[in-house]
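Below is one structure, written out as structure tokens; the observations come after it.
Rule-based calculations on the coordinates, nothing more; no lab input. Just so it is clear, the model here is predicted, and its values are computed rather than measured. Glycine gets a Cβ as well: all are built from the backbone with ideal geometry, and neighbour counts include every protein chain shown.
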Amino acid sequence: MKFFVIKKRHLCFVLCAILVLVGLGVYFGLTAQAYQPNLSPTVVIDAGHGGTDGGAVGRKTGITESEINLQYAQTLKEVLQNLGINVVMTRTDLNGLYSPFASNKKKDDMEKRKRIIEESGADLVVSVHMNAFPLSSSRGAQVFYGLNNQRGEALAASVQTRLQDVSAYAKEGVKEGDFYILNCTSLPGILVEFGFLSNAEEEALLVSEDYRKQMCDAVALGILNFYEM
Ligand SMILES: [Zn+2]
């Protein structure tokens, strides 16, 4: 009889151990499954312009859009990487992506960017730009999404809302934009015009490191919110 009791206790222990192990397995299995789609998304960050294409120019500082876009792209890269998000950059220096022998440098440059997006296995695209307008009073960040791209629109709305938290001048709502960088892919993508280099007050903010960090944090938060939808 005593022997039987010990055996029963052993059996109880083994059953409990199995239950715990199965429980842990199910827990971690489900957790991994739930996180899998967005476990480590890949974002292509595209610093607009470059090389002979300087883009807009700061009215006061003379900074080129190509240069400031690269600064924002690099800061955004750091912020996203710190959140565990993979980043692929279309350019990492001031040069354009075109071949010096290309007959149409702009076309060659844009096609290279498209190829980087295609080969990156990315989940979404963020193109970084600065705005300019003859009317110097125009200001405010504006997020665009690709034509008929509903997920792009949701991503744009999420990012625009967070930019409004940083700047009272950030535009209300998002805009559909006929931009090659957004329409060359079916991925959700946004083109962020961080502000107007033609507005002296906004230009001063845009070139400051503190504002750049705040705006890049806002874009990153908008991306995280998009994944939580
Ligand atoms: Zn631009």
Considering only DSSP beta bridges where both residues belong to the stretch 98-229, give the percentage that are antiparallel (nearest 5). 35 percent
Can you compute 3J(HN,Hα) from phi for each residue in the stretch 212-220, using the Karplus curve 6.51 cos²θ - 1.76 cosθ + 1.60 with θ = phi - 60°, rounded to whole Hz and x for Gly and Pro? 4, 5, 4, 5, 5, 4, 5, 5, 4
Semi-axis lengths, Å, the stretch 40-228, gyration tensor of Cα atoms, sqrt of 5 times eigenvalues: 22, 21, 15
Net lengthening on full extension, residue 83/residue 135 (0.36 nm per residue, minus Cα-Cα): 14.9 nm
Which residues qualify? For residue 89, with a placed amide H closer than 5 Å and at least 5 residues away or on another chain, they are 45
Please list the non-local residues whose amide H lies under 5 Å from the amide H of residue 196, H modeled 1.01 Å from N, same-chain partners needing a gap of 5 or more. 131, 140
Spin-label zone in the stretch 187-201 - amide nitrogen under 14 Å from a point set 7 Å from the Cα of residue 60 along the C-beta vector: 196-201
Once phi is turned into θ = phi - 60°, what whole-Hz ³J(HN,Hα) does the Karplus curve with 6.51, -1.76 and 1.60 give for every residue of the stretch 62-72, x standing for Gly and Pro? x, 5, 8, 4, 3, 6, 6, 4, 5, 4, 5
Expected sort for 215, 89, 130 with the fewest Cβ neighbours (10 Å cutoff) up front is 89, 215, 130
If each part is reduced to its alpha-carbon centroid, the stretch 41-58 and the stretch 183-229 end up apart, in Å, by 13 Å
For the stretch 59-138, size of Cβ-based charge dipole, Lys and Arg +1, Asp and Glu -1, in debye: 280 debye
Considering only Cα-Cα distances, which of the following residue pairs are longer than 22 Å: 171/213; 60/112; 105/175; 77/112? 60/112; 105/175
Of the options 42, 147, 174, report the single residue whose Cα projects farthest towards the positive end of the charge dipole of the stretch 40-228 (beta-carbon charges: Lys, Arg +1; Asp, Glu -1). 147
With charges only on Cβ, +1 for K and R and -1 for D and E, what is the dipole size of the stretch 134-229 about its Cα centre, in debye, rounded to 20? 160 debye
Two pseudo-spin positions, 7 Å from Cα along C-beta at residue 208 and at residue 180, lie apart in nanometres by 3.6 nm
